[in-house]
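Reviewing the structure listed below.
All of the numbers you see were taken from the coordinates with simple rules; none came from a lab. Predicted model, so just to flag it, every value in this text is computed and none were measured. Methodologically, a virtual Cβ is constructed for each residue, glycine included, from the backbone with ideal geometry; neighbour enumeration extends over all protein chains shown.
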Amino acid sequence: MDWLFQTTDSLSYVFLRFGLAMTFFFHGTQHAFGWHGGKGMKDQIANWHNKYHIPVAIGMFGTFVELFTVISMALGFLIRPAAFFLAIFIATAMFKSHWGHGFFLQQKGGGSGIEYTLALLLMTLAVLFGGAGAFSIDRMISR
């Protein structure tokens, strides 16, 4: 259990956490609620199912992961489980949706490459292995 909450006082993880929290607040609320021009949960999960053959239950869990990540990263609580599931979510998106479009985010002819999802995945892996860092509930628990 110690490894779950163990972290350092590093501020670098705080910046990574807040970057992920902000990104997945906007991205997750697009998917779950249709905010910011998104599809909403029903249409988003149907899209994942029809286009990428992702089972409905897995799509619903993925949407939950996106929203849980926002709370977890903002508070610095249960960072490692949140980062683990978020890494799986991002890796799935990267391979199913972006891999066939090359590396760069902007592509001629449509589609976006792995550039952005790779950056998010690496940020998530850094938090998974480094912990929540300073100003986190995990840090208070680990003391």
What are the residues in the stretch 85-110 that are in a helix (DSSP H, G or I) and charged (D, E, K, R), if any?
-> LYS96
For the stretch 114-127, indicate whether the set of residues that are among the hydrophobic types (A, V, I, L, M, F, W, C), more than 14 Å from the chain's Cα centre (by Cα) and surrounded by fewer than 17 Cβ atoms within 10 Å (Cβ to Cβ) is non-empty.
-> no
Looking only at the stretch 50-60, decide whether some residue is closer than 16 Å to GLY133 by Cβ, more than 18 Å from the chain's Cα centre (by Cα) and not hydroxyl-bearing (Ser, Thr, Tyr).
-> no
Regarding PHE135, is this residue touching a helix residue (DSSP H, G or I) at 6+ places or on another chain (Cβ under 9 Å), within 16 Å of ALA83 (Cβ to Cβ) and surrounded by fewer than 16 Cβ atoms within 10 Å (Cβ to Cβ)?
-> no
The stretch 7-34, subset over 17 Å from ILE137 (Cα atoms) and aromatic (Phe, Trp, Tyr), residue surrounded by the most Cβ atoms within 10 Å (Cβ to Cβ) = PHE24
Somewhere in the stretch 46-68, is a residue small (Gly, Ala, Ser) and closer than 19 Å to TYR13 by Cα?
-> no
Count - residues of the stretch 111-140 that are outside any helix (DSSP H, G or I) and touching a Ser or Thr at 6+ places or on another chain (Cβ under 9 Å) | 7
When (1) free of Cβ contacts under 8 Å to residues at least 24 places away in the same chain; (2) closer than 24 Å to LEU4 by Cα; (3) of a type outside the set (Asp, Glu) are applied to GLY110, the one that fails is (2)
State whether one or more residues within the stretch 81-94 are buried (at least 20 other Cβ atoms within 10 Å of the Cβ), β-branched (Val, Ile, Thr) and within 15 Å of THR124 (Cβ to Cβ).
-> yes
